[in-house]
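The values are calculated or read from the model by the stated rules, or taken from the named source; none is laboratory data. Keep in mind that what you see is a predicted model, and the values were worked out from it rather than measured. Note: ideal-geometry Cβ built from the backbone for every residue, glycine included; neighbour counts use all protein chains shown.
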Amino acid sequence: MSQKVVIIGGGIAGLSAGIYAQKAGFESVIYEKHAVPGGQCTGWMREGHYIDNCICWMTCAKEGYELWDIWKDSGICAPDVKIHQHQEFYRSELNGQTLHLWADLKRAEKEMLELSPEDKKEIKKFFKYVKLSESLQVPTKKPMDMMNLIDLTQIGWKMRKMLPVIRKYSKMSIEDLANRFKHPLIKRVMLDYMPKDYLAHLFITAYGTISSGGGGVPVGGSLAAMLRMANRYKELGGTLICSKPVAKVLMAEDEKSAKGILLEDGTEVSANYVICSTDTYHTFEKLIDYKYMPKALKKCYEDRENNLLGSSFHAAFSYDGVTDEIAGRTFFDCDGYELAGRTITRTNIKNYSFEKTTVPEGKTLLQVKILEPESEYLYWKNLYETDKKRYDAEKTKAALDIQKTIEKRFPFTQGKLKLLDVWTPSTYTRYCNAYRGVYMTFITTKKSPNNFSIPGVVKGVKNLFLAGQWLMVAGGIPPALVTGKYAVQRILKSQHKNVILKP
């Protein structure tokens with residue numbers, strides 16, 4: 001009789017864990033709080049428009065990268081799925097000038113050099129390291145703590161071109177990088193996309209992901225990708241149960257093993273193994289016990305000054321027409337609008353209609369995403385909990401102010417924009433149990449541990465494992481994918497079995 005693995009959470013990590021549990025011969029069941037799988041990697045329809053919440057780009061989604069096999073095996077990049085490739089990372093406007101970070105690095109370098117010949121030395125250096133960062137590899141064979149010397153040597157060889165990028169930029173913030181340039185627009189383009197405290201190598205690597213051709217978006221977006229992943233799991237014999245939130249993990253009397261889970265409806269489910277693929281704060285605060293939280297993770301949660309968090313405010317609009325004047329994501333100055341007590345004087349807009357099937361004919365979907373610090377999450381959370389009517393009114397007012405900002409910058413949109421939806425950091429907590437509305441993990445800065453990594457085990461509990469993007473530096477989809485696989489490999493290791501799981 002096969003042994004039963006119960007997985008809490010049907011996001012990317014949970015689905016990945018389920019897929020590899022089935023491939024390893026276990027009987028697995030995933031319990032998901034929401035009505036659909038995917039967690040924060042999702043999307044939804046509004047008046048015939050598909051609004052995407054997650055995938056801006058993939059990482060290593062191309063032949064030649066280790067992670068490519070998992071992208072394919074998970075169903076996210078199934079053989080018949082087309083991948084939309086970005087023509088540019090984004091563009092920034094300032095003082096009547098525009099600078100593009102093209103996916104074609106030679107084109108982007110030429111444009112930047114023409115803009116500011118006096119920055120030639122730094123421009124050349126920047127694009128050299130972006131090109132080197134295209135060699136980034138996400139280890140997928142097995143967890144780093146389970147690797148032997150041969151495994152580590154192989155990873156080092158594959159990452160040899162990436163190492164200079166890490167050495168040069170892992171102690172430098174994005175603000176430090178921007179200050180190396182003289183031209184104000186080049187400074188601005190460096191600062192627009194990520195928080196200025198982020199380490200510079202993360203920004204350079206993100207750009208390298210786009211320029212490598214491995215950073216496209218699967219056609220259909222995040223929701224379609226997650227439904228393919230769920231179907232892949234079910235095709236392998238797994239059971240996915242949605243709209244069934246879990247209350248806690250049930251421990252044996254000696255607290256040295258888990259015996260199953262308790263659903264919020266009071267149902268007990270027994271299991272030989274339990275994998276928690278939920279937000280780590282929710283896992284240790286609600287599902288298990290805070291005392292089990294690894295010291296390194298606990299330190300990050302408790303040291304709020306040096307381990308920053310961020311979320312975002314979103315507004316989605318329908319434009320009655322088709323336009324190429326708004327392309328990709330564009331950052332620009334504006335007169336200013338109020339958002340959670342802060343005046344926003346630089347904003348951005350992204351055209352999401354690169355897929356014609358996701359919008360009604362003759363329409364364009366435009367989305368605005370504003371990064372918000374942790375303090376603004378608390379603002380929205382407290383407002384929602386104390387005065388829901390005011391919360392709704394304030395987020396709608398902010399969205400309509402953004403609409404006026406768009407109309408001023410792009411006058412042809414006047415009278416042709418319609419607000420479709422607006423959501424705040426608080427939304428992520430309510431729907432996905434996301435700690436303080438966060439959709440990535442701790443912001444890696446010069447003050448934080450940039451080698452942050454949490455083993456996917458619960459110390460002292462032999463059959464309880466972890467998966468999810470919070471376990472690895474930077475977070476996001478790749479860590480979620482691989483840590484789901486890693487969790488199953490840890491189970492196999494505990495059984496003294498071969499841990500290599502091939503696609």
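Name the single residue, out of those in region 25-51 being of a type in the set (Asp, Glu) and surrounded by fewer than 23 Cβ atoms within 10 Å (Cβ to Cβ), that is farthest from the chain's Cα centre (by Cα). In this case the residue turns out to be GLU27. Could you tell me which residue of region 373-387 is modelled with the lowest pLDDT, considering only residues that are of a type in the set (Asp, Glu) and surrounded by fewer than 20 Cβ atoms within 10 Å (Cβ to Cβ)? So the residue we want is GLU374. Only a single criterion out of (1) over 17 Å from the mean Cα position of the chain (by Cα); (2) not in a strand (DSSP E or B) is not satisfied by ILE76, namely (1).
For every residue, the table says whether it meets (1) polar (S, T, N, Q); (2) under 22 Å from the mean Cα position of the chain (by Cα); (3) not in a strand (DSSP E or B).
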residue: SER222; (1), (2), (3): yes, yes, yes
residue: ALA225; (1), (2), (3): no, yes, yes
residue: MET229; (1), (2), (3): no, yes, yes
residue: GLY237; (1), (2), (3): no, no, yes
residue: SER243; (1), (2), (3): yes, no, yes
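The condition (being among the aliphatic types (A, V, I, L, M), more than 30 Å from SER270 (Cα to Cα), out of contact with any Gly (no Cβ under 6 Å at 6 or more places or on another chain) and surrounded by 16 or more Cβ atoms within 10 Å (Cβ to Cβ)) is satisfied by just one residue among LEU94, LEU15: LEU94. Annotation: of all residues in region 403-428 being of a type in the set (S, T, N, Q) and not in a helix (DSSP H, G or I), the one that is nearest to the chain's Cα centre (by Cα) is THR424. Applying the set (1) farther than 24 Å from PHE332 by Cα; (2) in a helix (DSSP H, G or I); (3) of a type in the set (Lys, Arg) to LYS395 leaves exactly one unmet item: (1). With the structure loaded, tell me whether VAL165 is of a type outside the set (Lys, Arg), part of a loop (DSSP other than H, G, I, E, B) and within 22 Å of HIS201 (Cα to Cα) or whether it fails that test. No. In this structure, does GLY64 turn out to be more than 24 Å from the chain's Cα centre (by Cα) and assigned to a loop (DSSP other than H, G, I, E, B)? In short, no.
Name the pairs: first residue in region 411-439 and in the same structural domain as VAL368 (by TED's automatic domain parsing) and closer than 17 Å to ASP52 by Cβ, second residue among the basic types (Lys, Arg) and surrounded by fewer than 16 Cβ atoms within 10 Å (Cβ to Cβ), Cβ to Cβ under 7 Å, at least 6 apart or on different chains? Close Cβ pairs satisfying both conditions: LEU420/ARG46; ASP421/ARG46.
Taking region 310-324 as the range and being modelled with pLDDT of 90 or more and part of a loop (DSSP other than H, G, I, E, B) as the test, the residues that pass are ASP320, GLY321, VAL322, THR323. In region 446-496, the residue that is farthest from ILE30 (Cα to Cα) out of those that are among the basic types (Lys, Arg) and buried (at least 17 other Cβ atoms within 10 Å of the Cβ) is ARG490. Filtered by the rule that a residue be more than 19 Å from the chain's Cα centre (by Cα) and among the basic types (Lys, Arg), region 161-216 gives LYS161, ARG167, LYS168, LYS171, ARG180, LYS182, LYS187, ARG188. Tell me which residues, restricted to region 130-157, are more than 19 Å from ILE500 (Cα to Cα) and surrounded by fewer than 15 Cβ atoms within 10 Å (Cβ to Cβ). Correct list: GLY156, TRP157. With respect to the conditions (1) outside any strand (DSSP E or B); (2) out of contact with any strand residue (DSSP E or B) (no Cβ under 7 Å at 6 or more places or on another chain), ASP335 lacks only one, and its number is (1). The conditions of being more than 24 Å from GLN40 (Cβ to Cβ) and surrounded by fewer than 22 Cβ atoms within 10 Å (Cβ to Cβ) are not met by ARG232.
Can you find a residue that is among the β-branched types (Val, Ile, Thr) and loosely packed, with under 15 Cβ neighbours inside 10 Å anywhere in region 390-408? The answer is yes; a qualifying residue exists. Among the residues of region 1-53 satisfying the criterion of being under 14 Å from ASN272 (Cα atoms) and hydroxyl-bearing (Ser, Thr, Tyr), which is modelled with the lowest pLDDT? Checking each candidate, the answer is SER2. You will find that of VAL246, VAL219, the residue that is over 30 Å from PHE89 (Cβ atoms) and either exposed (fewer than 15 other Cβ atoms within 10 Å of the Cβ) or among the β-branched types (Val, Ile, Thr) (or both) is VAL246 and no other. As for region 227-247, it holds at least one residue that is touching a His at 6+ places or on another chain (Cβ under 8 Å) and either among the polar types (S, T, N, Q) or under 12 Å from ILE8 (Cα atoms) (or both). A residue that is part of a helix (DSSP H, G or I), closer than 27 Å to GLY328 by Cβ and modelled with pLDDT under 95 can be found somewhere in region 358-372.
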